[in-house]
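Just below is one structure, and these are the notes that go with it.
The values are calculated or read from the model by the stated rules, or taken from the named source; none is laboratory data. Keep in mind that what you see is a predicted model, and the values were worked out from it rather than measured. Methodologically, a virtual Cβ is constructed for each residue, glycine included, from the backbone with ideal geometry; neighbour enumeration extends over all protein chains shown.
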Amino acid sequence: MIELHYKFEPLLTSNDRYKIITGGRGSMKSFSTATLILLESDKDDGAILYTRYTLTNAEQSIFPEFESKLDELGWRNKFHKSGNDYINLESGGKILFRGIKTSNGINTAALKSIPKLKMWVNDESEELVDESIFDTIDLSIRDARYKLQVWLILNAPDETHFIYRKFFEGNGVDDVWNGSKDNVTYIHTTYLENKYIDATFLKLAEKCKAVDIEKYNNLYLGKWKKLTKGNIYQGWEQISDEQYPTNLDCWYGVDWGFANDPMAIVRLCFDSDTHTLYVKELCYEMGRLTSFAADIIRKDILNRRTLLYQGEDWEIFHFGGKCWIREQSYTDNEILEDGRGKGAKIITSDIERQIVQQRLGRLLRLLEETYCDPARPEQIYEMRTQYDINSVPATNTDKVGRIEYLKYFNVKYIGDNIGREYKSYKWQTKKNDTSIYINKPQDGNDHLMDAINYGGVTHLRRLGVSNKIGEN
């Protein structure tokens with residue numbers, strides 16, 4: 001028997017056309033609505049349209065939720081699955097899974113012509129930002145033979161979203177209110193009401209609450225985000241070259257430029273003990289080609305101060321194209337060939353020598369990753385094939401998500417242009433009210449910010465590193 005929280009009961013009993021289901025992570029929205037949609041399909045032969053803005057990986061993300069509910073209800077033999085549709089063999093009701101945006105563009109023409117359409121459920125409604133698309137589908141649900149419903153399920157974004165303006169601000173309703181007003185039923189739950197939530201989740205929630213109460217309120221309590229602070233990043237610290245670590249693995253980030261935009265290149269490294277991302281500005285120049293970027297990165301790899309090994313009473317650095325043990329310098333070849341002849345050994349321990357030679361070989365082969373703006377694949381290819389730089393495309397999707405991830409790291413930087421961009425990097429404002437910020441960064445003087453984002457976020461996420469509030 002499936003047990004549902006009492007707050008979801010109005011989804012079955014309310015006669016309101018609109019049902020707004022909000023809540024943060026772990027608030028039982030997906031579990032409960034999937035169950036209730038199946039129960040709705042059992043009432044009559046009407047069609048239920050279940051949409052997401054993009055219906056990707058439905059076989060892994062959406063259908064398993066419904067399959068598990070069929071098993072719990074004992075209804076496995078009651079439904080037949082045909083492509084992206086579930087057909088109730090007893091009532092004749094259908095649940096049709098569709099994407100609003102497909103490879104061919106916006107799909108509203110096909111969605112509004114569905115026979116016997118009695119109900120539209122839009123999951124992840126925070127991704128639906130065009131109110132005209134909502135209106136088009138909403139107005140197509142008009143078959144008088146059925147109880148007509150529109151369910152909007154969402155994790156609340158910021159207050160500029162049309163759902164907030166239309167259903168909350170417009171109706172004078174608080175964002176966490178439960179009740180009915182003006183043909184709208186409001187359902188809001190949180191993880192605090194979910195008795196099945198696990199201990200790991202609770203620790204992450206408390207960690208977020210301690211670090212950033214505003215993010216906790218939005219992410220875990222499901223409150224609408226109020227963007228009142230213009231600056232995107234805060235708390236970054238400018239340091240000197242002497243404060244930049246020499247004992248950490250490094251990598252690079254590149255934002256291409258040419259005519260009107262500067263090419264921005266940064267070197268990065270990460271200290272996991274202090275959760276600190278270190279960044280050094282290497283290039284901020286216009287009119288530069290791929291060969292120039294490759295030369296900048298190659299020279300930095302071979303000439304920067306890099307600790308190759310630290311023993312109990314000695315250490316070896318590489319910088320200026322040479323290896324240094326105390327005040328004595330050695331060529332790269334002398335270290336690489338050490339121990340292979342019959343003469344005196346520079347490094348006496350075989351194990352320590354192998355470690356040094358391995359790390360030096362990696363350095364000389366230019367194997368440190370360079371994450372580049374993926375909009376220029378031909379330049380990434382050129383840098384890799386013609387200049388032997390280990391260049392790869394950076395992640396360039398969900399910019400706001402990448403910014404939110406990076407916000408919760410300590411960042412220490414070298415470079416006046418980084419400092420200038422960091423201080424001026426802000427969220428955009430509403431056109432009719434410049435005191436209200438929207439969840440979209442300003443475009444323009446952000447070339448080093450993008451290079452840091454490309455390099456920092458892509459690499460750290462690839463390594464599975466969580467930020468200070470536990471997100472990765």
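Table for the structure above
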read-out: From the options GLY24, GLY74, GLY93, residue that is closer than 29 Å to TYR191 by Cα and in contact (Cβ under 8 Å) with a residue 24 or more places away in the chain; value: GLY24
read-out: Spans of strands (runs of 3 or more DSSP E) in the stretch 1-118 with at least 2 residues at pLDDT below 95 and surrounded by 13 or more Cβ atoms within 10 Å (Cβ to Cβ); value: 47-52, 79-82, 85-88, 94-99
read-out: Pair list, Cβ < 9 Å and 6+ apart or interchain, from the stretch 327-346 residues that are part of a strand (DSSP E or B) to residues that are modelled with pLDDT of 90 or more and not charged (D, E, K, R); value: SER329/GLY320; SER329/CYS323; TYR330/ILE316; TYR330/CYS323; TYR330/TRP324
read-out: Qualifying positions in the stretch 138-172 - at pLDDT 90 or above and assigned to a strand (DSSP E or B); value: GLN149, VAL150, TRP151, LEU152, ILE153, LEU154
read-out: Top-ranked residue in the stretch 357-402 [being out of contact with any strand residue (DSSP E or B) (no Cβ under 6 Å at 6 or more places or on another chain) and within 13 Å of ASP450 (Cβ to Cβ); ranked as surrounded by the fewest Cβ atoms within 10 Å (Cβ to Cβ)]; value: ALA375
read-out: Failed item in (1) touching a residue at least 60 places away in the same chain (Cβ under 8 Å); (2) within 27 Å of TRP427 (Cβ to Cβ); (3) not assigned by TED's automatic domain parsing to the domain that holds ILE153, with THR190 passing the rest; value: (3)
read-out: The stretch 173-190, residues that are more than 25 Å from GLU206 (Cα to Cα), among the hydrophobic types (A, V, I, L, M, F, W, C) and in a loop (DSSP other than H, G, I, E, B); value: VAL173
read-out: Output for the stretch 103-143, where each listed residue is touching a Lys or Arg at 6+ places or on another chain (Cβ under 9 Å) and among the aromatic types (Phe, Trp, Tyr); value: PHE134
read-out: Only one of ILE403, ILE436, ILE389, ILE351 that is under 25 Å from THR306 (Cβ atoms) and either within 32 Å of the chain's Cα centre (by Cα) or not in a helix (DSSP H, G or I) (or both); value: ILE389
read-out: GLY361, sole failed condition from (1) assigned to a loop (DSSP other than H, G, I, E, B); (2) small (Gly, Ala, Ser); (3) touching a residue at least 24 places away in the same chain (Cβ under 8 Å); value: (1)
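So that you can scan it fast, the table gives a plain yes or no per residue for (1) under 20 Å from the mean Cα position of the chain (by Cα); (2) surrounded by fewer than 19 Cβ atoms within 10 Å (Cβ to Cβ); (3) under 26 Å from GLU159 (Cβ atoms); (4) aromatic (Phe, Trp, Tyr):
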{"site": "ILE197", "(1), (2), (3), (4)": "no, yes, no, no"}
{"site": "LYS203", "(1), (2), (3), (4)": "no, yes, no, no"}
{"site": "VAL211", "(1), (2), (3), (4)": "yes, yes, yes, no"}
{"site": "GLY222", "(1), (2), (3), (4)": "yes, no, yes, no"}
{"site": "LYS226", "(1), (2), (3), (4)": "yes, yes, yes, no"}
{"site": "ILE232", "(1), (2), (3), (4)": "yes, no, yes, no"}
{"site": "GLY235", "(1), (2), (3), (4)": "no, yes, yes, no"}
